[in-house]
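Worksheet for the structure shown next.
Bear in mind these aren't lab numbers, they're just calculated from the coordinates by the rules spelled out. Only a predicted model underlies this, so the values are computations on that prediction, with no experimental measurement involved. Note that we place each Cβ from the backbone using ideal geometry, even for glycine, and neighbour counts take in every protein chain shown.
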Amino acid sequence: MTTRPWRHAVVTGTLVLLSALWLVLWATTGLGPIAVGYVFMPLATGVAALSVRALRRETSLTPVGLRFWRAIEVGCLLGTIGFALLAWAALTPTPDMPSMPTAGAMFTCAGLLAAIWAVARVPLGVTSRRERVRQWLDRTIAFLGCFAVLWHFGLFPLLTADVPWKPTTLIIMMLSFAFAAGAITKVSYIVGGPVDRIAVRMVASVGLATGGVALLHGKYGYDGILPGQALCLPLVPLLVTVAAYRQRNAAGRPPTRRGNVWLPYLTVLAVEVPLADVIFGTPAVHGGTPEIRLVAGAAATVTMLVSLRQYLVNRDNARLLREREASESRLRYEATHDALTGLGNRVLFRERLDTVLAAGAATVLLVDLDDFNTVNDSLGHDVGDELLIAFAGVLRAAAGADGVPARLAGDEFAVLVTTPGRDEAVAERIMTEIATPIGAHRLLVHASAGIASAPAGTPASHLLRAADAAMYTAKQRGKANWVRFAAGMEKPAQAHAQLGGDLRRALNAGEFKLVYQPIVDLRTGRITGVEALARWIHPERGMVSPADFIPAAERSGLIVPLGRWVLRETCRQAAAWLERFGPEALEKAAPNVSIRQLHDPDFVADVRAALADSGLPPNRLVLELTESAVLRGHQVLRVLHELHEMGVRLALDDFGTGESSLSLLRAFPAAVVKLDKSFVDNIELDEPDSAAAGARQAVARAVVQLADALGLATVAEGIENQEQVERLLKLGYTVGQGYHLGRPVSSEEFTARLLDQRQRVPLVA
């Protein structure tokens, strides 16, 4: 049955109050037997034992807490028996004040030992050796100081009293003082946890109540025994009961305060009290020279230990200061340096650039790795990181001792050149160093650089914009080179930057649309498929060329959401045409897919969702890929095989312009090969038997023969006249696309062509 925890405290407090009232009544009237004054202590101690037992049974305690309170309960029970025997002895009439029987003293001493053991086993939560040494030193200081005070004002008067105490009583008092000194010095460092900090301190204070008995006896002799018994000792069970109540309310509460670091210093002040008393007091009171030596020795020992502790504190403070300085230095380094390459970051570069421009002229090189994303996409980010680290080494060597190399962003680097005339030499050295493979994987990388100079006082942002414009110009001129800034370069760069910024807004605003170019049977003129092409109608610029916005979308990563929209819109429109015109109207719908999409982990799921939402059969969807996209590692091939297993067909676009090979066609599950426009241009102008005609048509003939051998369909791109159609038919091509066969048109115009396609006549008789 659950008890009300406050009841034990109320009962104990009532007994303490009754004991005090009885003492006042007895002292003023002399009524009643003296034995009554000895009854309250065992009763209150018994109630304290019951309160601790209720705490153990009704509160969830940790094993450490349970061990502590079980020992306190045992101590209370033993104390109850001991003081009950004292109360029984008080019933026997005697001319002197009742004294503790030997049996009672044994029980009481055992109870004190149980309390000492309980407090000694409470963990302090100290882990490091340094903390343990410092804490043991603190506790030794505090114990010596506390015991010096208790000895001088409590135990020594008992030992030198005119009427000596019984040895058993002295033993109890000595144990009480030892418990008080040891417990107080330990619990000052307990911060909580298994046993509540305040509760342990209350338990530790019971020794001070016993000290009150000694002080009263030392001052008043036998006349002080009964007041000590009735006033001081009942406070012991009251403290235990209140401590148990406190533990109930604090169970599971985390530590909230640190230990008392002030205790050793307070001890120095405390030990001065008995020292001053033995020096300036009456020798008869404190016992003369031996007492002076003992107290002075304690004071000297405490002072020496405090000095030692202060030395350790100063040493720890010096260590902490060094660690803090090292930490601050590390944080400053991390805040101004790139974690991957170790080069300065944008913050440090701007600081150095501002400093140089404040004093004089400065030159900046902005360097950007060309097509770095393809390395990440094809070989993985780990290889990309290795390449960045290797390039950082190239930049350090080129910058020299007086240059400031930095990594500003992903694959964008900079060099601050402070020596006049060294800028071009630095740029040339960078280009020379990367002309050969670098890094652990021996990768061949190219970079574009822009150089800009400015006089003193120029804002750093202006100089960086000029260098960025020069770098953009270098990329526009074919990459893998450097360009010095000249007036007028900033306009194309600004337009390029603005274009990238407009892309996301345009995607959200619905400014993109699809146009559809027919894929035609060259023999009959019948439309067999359609290629979907994205167009951007800018509200201010009008039609933006795909040659401009597609590279910007690739660099920004927006090609992924843009490609997702193209895919879904193509599937939706193709499914609508099939539903309206029947399955014979359109054999395939072909959107283009970028390398960034193939590396998107959600791409296969996007294709599956687009097909499911539109209802388009998978075999009617043809995804057009470039040769460079297919050659981007095992991850891309895995994605392509997943799409092939879904039933989606794959077309190899612009075939013949890249790394075309038989091994590529065998590894890549292609269904269609599209001959690049460059092999169709001017094919009709070749003389049938000329060497030029043979060379021009050799690739086209080889592609169609290779495709036929592998069971692949072919499509000739870029057909612009009827003569090209006839020449391609002779080479073996039966399907093609180009402006001659149909320009890219809106969905409405393409719908009209499908309506009319059955009336079309063959292009070749």
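Tabulated results
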| quantity | calculated |
| --- | --- |
| Contact order relative to length of the range 498-759, as percent, for alpha carbon pairs under 8 angstrom and 6 or more apart | 20 |
| Local electrostatic count at LYS479 - Lys and Arg +1, Asp and Glu -1, tallied over other residues with Cβ under 11 Å | -1 |
| For ILE519, distant residues with modelled amide H under 5 Å away | THR528, GLY529, VAL530, GLU531 |
| Charge context of MET202, other residues only, Cβ under 12 angstrom, K/R +1, D/E -1 | +2 |
| For the range 498-759, projected area of the alpha-carbon convex hull averaged over all directions, nm² | 14.4 |
| Violating pairs (Cα-Cα greater than 32 angstrom) within the set LYS475/LYS588; LYS588/LYS677; LYS513/LYS730; LYS475/LYS677; LYS479/LYS674 | LYS475/LYS588; LYS513/LYS730 |
| Average Cα contact separation per residue, the range 496-537, under 8 Å, 6 or more apart, as relative contact order % | 37 |
| Cα gyration tensor shape of the range 397-507, rounded if a/c is under 1.5, else prolate or oblate by comparing a/b with b/c | oblate |
